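Asker: This structure is in structure tokens; I'll ask about it shortly.
The values are calculated or read from the model by the stated rules, or taken from the named source; none is laboratory data. Source: prediction; values computed, not measured. Here Cβ is always computed from backbone atoms with ideal geometry, including for glycine, and neighbour counts include all displayed protein chains. These accessible areas exclude ligands, DNA and RNA; they are computed on the full protein's heavy atoms, side chains included. Shrake-Rupley method; radii C 1.70, N 1.55, O 1.52, S 1.80 Å.
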Amino acid sequence: MADLFAPTNRPGADAPAASPLADRLRPAQLDQVVGQDHLTGPEGAIGRMVAAKRLSSMILWGPPGTGKTTIARLLADAVGLRFTAISAVFSGVADLKKAFGEARDHARIGQRTLLFVDEIHRFNRAQQDGFLPFVEDGTVTLVGATTENPSFELNAALLSRAQVLILHRLDAAALGLLLDRAEAIEARPLPLTLDARAAMIASADGDGRFLLNQAETLYSVDLAEPLDPAGLSAFLQRRVAVYDKDREGHYNLISALHKSMRGSDPQASLYYLARMLTAGEEPLYVLRRITRFASEDIGLADPQALVQCLAAKDAYEFLGSPEGELAIAQACLYCATAPKSNATYKAQKAAWKSARETGSLMPPQNILNAPTKLMKDIGYGKGYAYDHDTDTGFSGSDYWPEGMARQDFYQPTARGFEKRIGERLAYWEGLRNGGDQGKN
């Protein structure tokens with residue numbers, strides 16, 4: 001059963017010395033679980049429940065090794081519930097009936113039960129329906145754990161009675177803290193160079209249990225010298241990506257991805273995207289950078305680029321990894337193959353600079369609203385030309401503050417959709433100058 005453990009108040013207090021390293025790092029309270037502060041912290045859903053001593057049924061959804069089982073055990077302790085666990089992999093209807101019967105017996109003597117169901121998505125629809133009456137009448141507080149999207153795998157009726165809480169893949173900082181704790185309980189450093197340590201963290205792909213098992217393997221042998229990344233890869237018989245999400249490797253790869261897309265090379269763009277994601281980078285971080293690229297380097301040359309990126313975000317949040325990463329790849333390829341323009345980026349910078357320099361100038365009175373008689377009397381809104389009343393739908397009015405010359409912040413390129421925009425702006429400019437440019 002993959003899971004994440006942090007240390008107890010006294011490391012190893014509840015586990016024999018011969019126990020696996022992950023068991024010896026089992027926590028005693030919720031604030032020792034790493035990487036899930038958005039749930040277990042004072043403002044998180046779990047933190048608030050514990051503070052109120054009122055626990056509702058929930059589904060813990062997250063990748064392996066992120067702390068689902070650990071959190072369930074600690075929740076029971078924190079609110080004074082009896083803890084019992086079953087696994088959908090090994091349990092059937094008879095096991096469920098037994099668990100519910102025991103929970104009902106304990107309820108009669110005032111002891112409520114937290115029923116933890118690991119891999120809850122493996123129960124079929126009929127078995128899931130069997131939970132409903134016992135959850136509704138309070139016989140059990142259900143805490144289910146799943147690595148699969150609950151929207152697809154769990155009954156709507158069960159989902160409506162449980163809060164879905166999403167556990168994050170552990171980031172480099174959380175995984176590094178686990179290794180720090182492992183080194184503390186072993187009373188010796190890992191036999192790794194700094195680069196190899198970072199590579200091992202990256203290769204764990206957010207899985208704390210996997211990382212601690214790798215550390216235990218290293219502690220099981222005597223090494224004359226610390227291993228470098230290549231030596232670590234050979235020792236563990238596992239390819240270890242040479243990548244550090246906090247230092248140069250991180251910035252080198254995101255820069256390479258950005259510049260490959262800007263250079264309209266979809267093959268290189270996809271390669272650097274793969275380099276980052278297979279090394280354990282947070283997928284939404286990469287997608288945020290691609291989304292920024294859609295506005296900075298494509299803009300109105302292809303307005304659909306931004307739409308594709310936001311659709312990829314929705315798809316990834318809906319599907320998770322690894323299925324949702326295909327949508328990120330699609331957004332990357334779309335941006336790499338789209339026509340390029342930084343006209344929007346340059347226009348924004350120029351407009352922001354001008355606004356800082358002229359921020360006290362009032363707009364002209366003819367385009368100001370006049371909700372009161374006094375404002376009308378002093379000229380607010382007087383002479384405003386309603387563009388839709390003109391033959392061309394364009395009045396050519398001056399919208400700039402008095403004393404400020406007209407500015408040309410946005411200058412579209414002749415690429416992609418911006419070519420059409422440029423033609424439209426030229427048409428309006430002709431009308432503004434009194435020319436007859438035809439209808440556009």
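Asker: Find the residue count for the range 52-70, including only residues that are assigned to a loop (DSSP other than H, G, I, E, B), more than 22 Å from Gly206 (Cα to Cα) and open to solvent by less than 40 Å² (accessible area, probe 1.4 Å).
Answerer: Our first condition is that a residue be assigned to a loop (DSSP other than H, G, I, E, B); within the range 52-70, this holds for 53-57, 62-67.
Next, from what is left, pick out any that are more than 22 Å from Gly206 (Cα to Cα): 53-57.
Now restrict to residues that are open to solvent by less than 40 Å² (accessible area, probe 1.4 Å): 55, 57.
Going through the range 52-70 one residue at a time, the tally reaches 2.
Asker: From (1) open to solvent by 70 Å² or more (accessible area, probe 1.4 Å); (2) more than 30 Å from Pro266 (Cβ to Cβ); (3) within 36 Å of the chain's Cα centre (by Cα), pick out the condition that doesn't hold for Lys346.
Answerer: With respect to (1) open to solvent by 70 Å² or more (accessible area, probe 1.4 Å); (2) more than 30 Å from Pro266 (Cβ to Cβ); (3) within 36 Å of the chain's Cα centre (by Cα), Lys346 is out only on (2).
Asker: Across the range 280-296, what is the number of residues that are over 13 Å from Glu325 (Cβ atoms) and in contact (Cβ under 8 Å) with a residue 40 or more places away in the chain? Working first, answer last.
Answerer: From the range 280-296, those over 13 Å from Glu325 (Cβ atoms) are 288-289, 291-296; that's our starting set.
Keeping just the survivors that are in contact (Cβ under 8 Å) with a residue 40 or more places away in the chain gives 291, 293-296.
Selection size over the range 280-296: 5.
Asker: Taking the criterion of being at pLDDT 90 or above, over 20 Å from Arg209 (Cα atoms) and among the charged types (D, E, K, R), would at least one residue in the range 53-61 satisfy it?
Answerer: The answer is no; no qualifying residue exists.
Asker: Would you please name the residue that is farthest from Gly324 (Cα to Cα), looking only at residues in the range 134-162 that are without any contact (Cβ under 8 Å) to a residue 60 or more places away in the chain and among the hydroxyl-bearing types (Ser, Thr, Tyr)?
Answerer: So, considering only residues that are without any contact (Cβ under 8 Å) to a residue 60 or more places away in the chain and among the hydroxyl-bearing types (Ser, Thr, Tyr), the one farthest from Gly324 (Cα to Cα) is Thr139.
Asker: I'm trying to understand the selection: among the residues of the range 128-151, which are at pLDDT 85 or above, closer than 15 Å to Ile59 by Cβ and in a helix (DSSP H, G or I)?
Answerer: Gln128, Leu132, Val135, Pro150
Asker: Also: Out of the range 135-149, which residues are surrounded by 24 or more Cβ atoms within 10 Å (Cβ to Cβ) and either in contact with a Gly (Cβ under 7 Å, 6 or more places away or on another chain) or of a type in the set (Gly, Ala, Ser) (or both)?
Answerer: Gly144, Ala145 - these are the residues of the range 135-149 that are surrounded by 24 or more Cβ atoms within 10 Å (Cβ to Cβ) and either in contact with a Gly (Cβ under 7 Å, 6 or more places away or on another chain) or of a type in the set (Gly, Ala, Ser) (or both).
Asker: Any idea how many residues of the range 107-134 are more than 26 Å from the chain's Cα centre (by Cα) and open to solvent by 20 Å² or more (accessible area, probe 1.4 Å)?
Answerer: Going through the range 107-134 one residue at a time, the tally reaches 15.
Asker: In the range 76-106, what residues are exposed (fewer than 13 other Cβ atoms within 10 Å of the Cβ) and not charged (D, E, K, R)?
Answerer: Hits for the range 76-106 are Gly80, Val89, Phe90, Gly92, Val93, Ala94, Gly101.
Asker: Next question, about the same structure. On the given criteria, is Tyr334 within 30 Å of Pro63 (Cβ to Cβ), of a type in the set (Ser, Thr, Tyr) and in contact with an Asp or Glu (Cβ under 9 Å, 6 or more places away or on another chain)?
Answerer: So Tyr334 passes the test.
Asker: Residues Glu323, Glu317: which one is open to solvent by 60 Å² or more (accessible area, probe 1.4 Å), at pLDDT below 95 and in a loop (DSSP other than H, G, I, E, B)?
Answerer: Exactly one of Glu323, Glu317 is open to solvent by 60 Å² or more (accessible area, probe 1.4 Å), at pLDDT below 95 and in a loop (DSSP other than H, G, I, E, B), namely Glu323.
Asker: Hey, another quick one. Suppose we keep only residues that are under 21 Å from Gly44 (Cα atoms) and of a type in the set (D, E, K, R) within the range 157-213. Which one would you say is surrounded by the most Cβ atoms within 10 Å (Cβ to Cβ)?
Answerer: Selected residue: Arg169.
Asker: Which is within 43 Å of the chain's Cα centre (by Cα), among the acidic types (Asp, Glu), part of a helix (DSSP H, G or I) and modelled with pLDDT under 95, of Glu429, Glu418?
Answerer: Exactly one of Glu429, Glu418 is within 43 Å of the chain's Cα centre (by Cα), among the acidic types (Asp, Glu), part of a helix (DSSP H, G or I) and modelled with pLDDT under 95, namely Glu418.
Asker: Across the range 120-148, what is the total count of residues that are within 16 Å of Gln163 (Cα to Cα) and among the charged types (D, E, K, R)?
Answerer: 2
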